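Just below is one structure, and these are the notes that go with it.
The values are calculated or read from the model by the stated rules, or taken from the named source; none is laboratory data. Remember, it's a predicted structure, so these values are computed and weren't measured experimentally. Ideal geometry is used to build each Cβ from the backbone, glycine not excepted, and the neighbour counts take in all protein chains shown.
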Amino acid sequence: MTIAANPNPEQLQHAPGALTGNLPRTRPSKETLDALQKELDELRDSIRADLGQRDADYIRNIIRIQRLCEIAGRTLIHFSFTPIPFLLGVTALSVAKIMDNMEIGHNVMHGQYDWMNDPKIHSANFDWDTACDNKSWMRTHNFEHHTFTNILNKDRDFGYAVLRLSDDTPWHPLRSIQIIYFGLLSTFFQWGVALHELEFEKVREGTFDLEEKKPFIKAMLKKAGRQVFKDYIFFPALAGPFFWKVALGNGMANLARNLWASSIIFCGHFTEHTQTFTEEECENESRGHWYYRQMLGSSNFDGNRLLHIMSGHLSYQIEHHLFPDIPAHRYAEISPQVREICERHGLHYNTAPFAKQYGSVIKRVLKFSLPSSLRKLTA
């Protein structure tokens, strides 16, 4: 992100993405952006200064619980002979995989615990239980997505090059069935994320460079191969004649993790009122404008503590986008301050119950499966 002068005030007011989320916006003043920068920087610095033993204890306890769930799940799946213990095993393994991906992997690889200097949970070393290569994820997610959040043609996480979520993406007849793509992306989410850096949009456009992508493809196949071997060959083979039972249980746990993780991610980025931005309005943006964009390009959902943990605290997606390298379990305590800052500056703090936010995602996917002209006729 370049820190320089603010863009022309007219750009934001008339930007194509400005009305995408049904919340018209006007350009905030330089004084507002400067105030946002000062207040949010101070909040970030206060949390960083307070990091210590309770944060280290928290992540280590989460890792212990995750490992116990995985051991219990794999043991029950392996030695079950009736449906109930088998399903209990699938549930425990699903929880383990979700915790590994959400509260541990995602947050550790954001560098949230690098300050601990523990090589086991340092972003440079950590790998997670999913098909996506960790280095690829850090390039496409940590850098691309968090730097260019919801900037059209820059943030490929906005729709994953599969979904049309605003009128800024041209309509095509195949978009009319994009709810099917949505279902497939949710079902095979770990593979969608694993292949994200391949940039399928370039394949469609005929600009794909195979030589450029060979290092990524090699790393992706290596990581994906390890995952397939572990869940569908190694552990099933240990069960001997019950090979297919164990393979089925592992597949069910992976499916549960995929559906859950995709739902959490979509609720943080694709809800009805998350807004998009043009490259022009974000050119040479200040840090205050970057904060402003994170607030309007993200959404939270409400829930209890267990829901927050199982979501990797991405239930506080706004706070995560503002402070991606702060331990995520801290988001709950700073969210009232972030919300107060938003409301004081007249910014929409997008939060609602989980079910409502997920319904909003479905509504948006269906809404933009139609061309804008047809939507106007049926409105």
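Points to keep in mind about this one:
- For the range 330-371, the set of residues classified as farther than 19 Å from Leu51 by Cα, small (Gly, Ala, Ser) and outside any loop (DSSP other than H, G, I, E, B) consists of Ala352, Ala355, Gly359, Ser360, listed by residue number.
- Taken together, the residues in the range 173-223 that are over 30 Å from Ile98 (Cβ atoms), in contact (Cβ under 8 Å) with a residue 60 or more places away in the chain and loosely packed, with under 13 Cβ neighbours inside 10 Å amount to 0.
- Qualifying residue in the range 156-172 (condition: modelled with pLDDT under 90, of a type in the set (S, T, N, Q) and either buried (at least 18 other Cβ atoms within 10 Å of the Cβ) or in a helix (DSSP H, G or I) (or both)): yes
- Residue check for Phe86: modelled with pLDDT under 95, over 19 Å from Arg330 (Cα atoms) and out of contact with any Pro (no Cβ under 9 Å at 6 or more places or on another chain): no
- Boolean, Ile233 is more than 14 Å from Ser94 (Cα to Cα), of a type outside the set (D, E, K, R) and either in contact with a strand residue (DSSP E or B) (Cβ under 8 Å, 6 or more places away or on another chain) or at pLDDT 95 or above (or both): yes
- No other residue among Ser298, Ser286, Ser372 is in contact (Cβ under 8 Å) with a residue 60 or more places away in the chain and under 17 Å from the mean Cα position of the chain (by Cα) apart from Ser298.
- From the options Gly183, Gly111, Gly105, Gly159, residue that is of a type in the set (Gly, Ala, Ser) and either under 25 Å from Thr278 (Cβ atoms) or more than 20 Å from the chain's Cα centre (by Cα) (or both): Gly159
- Filtering the range 309-329 to residues that are buried (at least 22 other Cβ atoms within 10 Å of the Cβ) and either in a helix (DSSP H, G or I) or without any contact (Cβ under 8 Å) to a residue 24 or more places away in the chain (or both) leaves Leu314, Ser315, Tyr316, Gln317, Ile318, Glu319, His320, His321, Leu322, Ala328.
- The listed residues are Asp50, Asp45, Asp41, Asp55, and the only one of them that is of a type in the set (Asp, Glu) and either modelled with pLDDT under 95 or buried (at least 16 other Cβ atoms within 10 Å of the Cβ) (or both) turns out to be Asp55.
Residues are listed down the side, and each one gets a yes or a no for (1) crowded, with 16+ Cβ neighbours inside 10 Å; (2) of a type in the set (A, V, I, L, M):
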{"residue": "Asp231", "(1), (2)": "yes, no"}
{"residue": "Ala237", "(1), (2)": "no, yes"}
{"residue": "Pro241", "(1), (2)": "no, no"}
{"residue": "Phe270", "(1), (2)": "yes, no"}
{"residue": "Glu281", "(1), (2)": "yes, no"}
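- Qualifying residue in the range 295-308 (condition: buried (at least 23 other Cβ atoms within 10 Å of the Cβ) and closer than 20 Å to Ile104 by Cβ): no
- So Ile264, is it of a type in the set (Val, Ile, Thr), within 30 Å of His348 (Cα to Cα) and crowded, with 21+ Cβ neighbours inside 10 Å: yes
- Scanning the range 23-30 turns up at least one residue that is modelled with pLDDT of 75 or more and surrounded by fewer than 16 Cβ atoms within 10 Å (Cβ to Cβ).
- Residue ID - nearest to Leu314 (Cα to Cα), chosen from residues in the range 330-341 that are surrounded by 19 or more Cβ atoms within 10 Å (Cβ to Cβ) and of a type outside the set (A, V, I, L, M): Tyr331
- Residue within the range 191-213 that is more than 19 Å from Arg156 (Cβ to Cβ) and either modelled with pLDDT under 95 or of a type in the set (Phe, Trp, Tyr) (or both) present: yes
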